[in-house]
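Notes follow the structure.
The values are calculated or read from the model by the stated rules, or taken from the named source; none is laboratory data. These numbers were taken from a predicted model, which means no experiment stands behind them. Counting neighbours? That spans all protein chains shown, and the Cβs are built from the backbone with ideal geometry, glycine included.
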Amino acid sequence: MKYLIILAAAIVAVAAQAPKNRATSSTTTTGKPLAPKLASPTPKPGDFALNLTFVLTGKSIPTKDSNSKVDGYVQVFSKTGAAEEVLVGTTDTLKDNDNPEWLNVFWINWKRGTQQKLHFIIKDHDTLGKDDDVGEVTIDVDQYVDKNQDLKVPLVPEGGELLIKRTQPTRFQLYARNVPHKDQFNGKSDPYVEVYWRVGKEGADHLIGSTAIINDEENPDWKETFEFSNYQKGTNQYLFFKVLDSDALTGSDFLGELLVEADPYVTKRATKITKLTKGDGITTLGITPV
């Protein structure tokens, strides 16, 4: 009996010396998640990092070639504190256009108070000689964010302006129902969708991407996630979908199309199911936000 008492006392002593900071279960006995514990004081507003996406537009860009307008492109650099600046990316070259609207979307990671700068160099492409520098500007990213990420800045040294406009990327997936049977051999179609965006109902189409082809399927669910990275609220943008039946021998057959106004769709953040136009009047396309 004395030995049992001694053993019990030893067990109690060991338990008292055990670490008290063991990991606990992530759920309560009711199955509800426990509230997370902060490892540090509650962060202050502005201390968090944020992804910024933007596009660029030039106004009255000067040229050093007296015979033509500027063939302009922009190099974008980022610099934080005393570090060396790094290239974020370069726009396409738009020929003979002193008011270019570049479609390239740039992405940066921003955190307030880090002395982050963006440096823009506008160049005029020259096929035969060296590309000319026709303007540049450096902005403080904190100030850009405080301007609601919509900023117009003058270029130096010869004038012109650069507009830095925020975009709000939106992502979605697609499915279709009641796709008509177009295949001459087994009846069912091999559907796929081409996805575009445009400004205005009759504007030029800009390709976002295309789904995979799903063979012999009248109710396809495509797995691809599309990102409309150029979306800007209030700019009369539309999404345009062209549904096709793939045929390696005769070429793709047109099954229908759909034009969707971007602002209402993005605002509602709900699946939109609509009948295709210029088709058989039965096929529907579903657009599901991700």
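The one condition from (1) over 28 Å from Gly234 (Cα atoms); (2) at pLDDT below 95 that Ile121 does not meet is (2). Of the residues making up segment 76-96, those that are under 27 Å from Asp65 (Cβ atoms) and loosely packed, with under 15 Cβ neighbours inside 10 Å number 5.
If we scan segment 145-164, do we find a residue that is free of Cβ contacts under 8 Å to residues at least 60 places away in the same chain, over 22 Å from Tyr231 (Cβ atoms) and among the polar types (S, T, N, Q)? Within segment 145-164 (the criterion being free of Cβ contacts under 8 Å to residues at least 60 places away in the same chain, over 22 Å from Tyr231 (Cβ atoms) and among the polar types (S, T, N, Q)), the answer is no, since none of the residues qualifies.
This table checks each residue for (1) among the hydroxyl-bearing types (Ser, Thr, Tyr); (2) more than 26 Å from the chain's Cα centre (by Cα); (3) under 27 Å from Val199 (Cβ atoms).
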{"residue": "Asn97", "(1), (2), (3)": "no, yes, yes"}
{"residue": "Thr114", "(1), (2), (3)": "yes, no, no"}
{"residue": "His119", "(1), (2), (3)": "no, no, no"}
{"residue": "Asp124", "(1), (2), (3)": "no, yes, yes"}
{"residue": "Asp142", "(1), (2), (3)": "no, no, no"}
{"residue": "Gln149", "(1), (2), (3)": "no, no, yes"}
{"residue": "Lys152", "(1), (2), (3)": "no, no, yes"}
{"residue": "Glu158", "(1), (2), (3)": "no, yes, no"}
{"residue": "Leu163", "(1), (2), (3)": "no, no, yes"}
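All of (1) modelled with pLDDT of 95 or more; (2) under 18 Å from Val141 (Cα atoms); (3) part of a loop (DSSP other than H, G, I, E, B) hold for Ala83 with one exception: (1). Filtering segment 171-188 to residues that are in a strand (DSSP E or B) and either under 18 Å from Leu239 (Cβ atoms) or among the charged types (D, E, K, R) (or both) leaves Arg171, Phe172, Gln173, Leu174, Tyr175, Ala176, Arg177, Asp183.
Please determine, by comparing only the residues of segment 110-148 that are polar (S, T, N, Q) and under 16 Å from Val76 (Cα atoms), which one is surrounded by the fewest Cβ atoms within 10 Å (Cβ to Cβ).
Restricting attention to segment 110-148, the residues satisfying the condition of being polar (S, T, N, Q) are 114-116, 127, 138, 143, 148.
Applying the additional criterion that residues be under 16 Å from Val76 (Cα atoms) yields 116, 138.
Numbers: Gln116: 22, Thr138: 14.
Result: Thr138.
For segment 59-69, the tally of residues that are closer than 17 Å to Thr93 by Cβ and at pLDDT 95 or above stands at 1.
Can we say Trp102 is within 28 Å of the chain's Cα centre (by Cα), surrounded by 17 or more Cβ atoms within 10 Å (Cβ to Cβ), within 23 Å of Asp263 (Cβ to Cβ) and outside the structural domain of Lys278 (by TED's automatic domain parsing)? Walk me through how you get there before you give the answer.
Values: within 28 Å of the chain's Cα centre (by Cα): yes; surrounded by 17 or more Cβ atoms within 10 Å (Cβ to Cβ): yes; within 23 Å of Asp263 (Cβ to Cβ): yes; outside the structural domain of Lys278 (by TED's automatic domain parsing): yes.
Yes: the conditions hold for Trp102.
The numbered conditions (1) touching a residue at least 60 places away in the same chain (Cβ under 8 Å); (2) over 17 Å from Asp98 (Cβ atoms); (3) outside any strand (DSSP E or B) are all true for Asp126 except (2).
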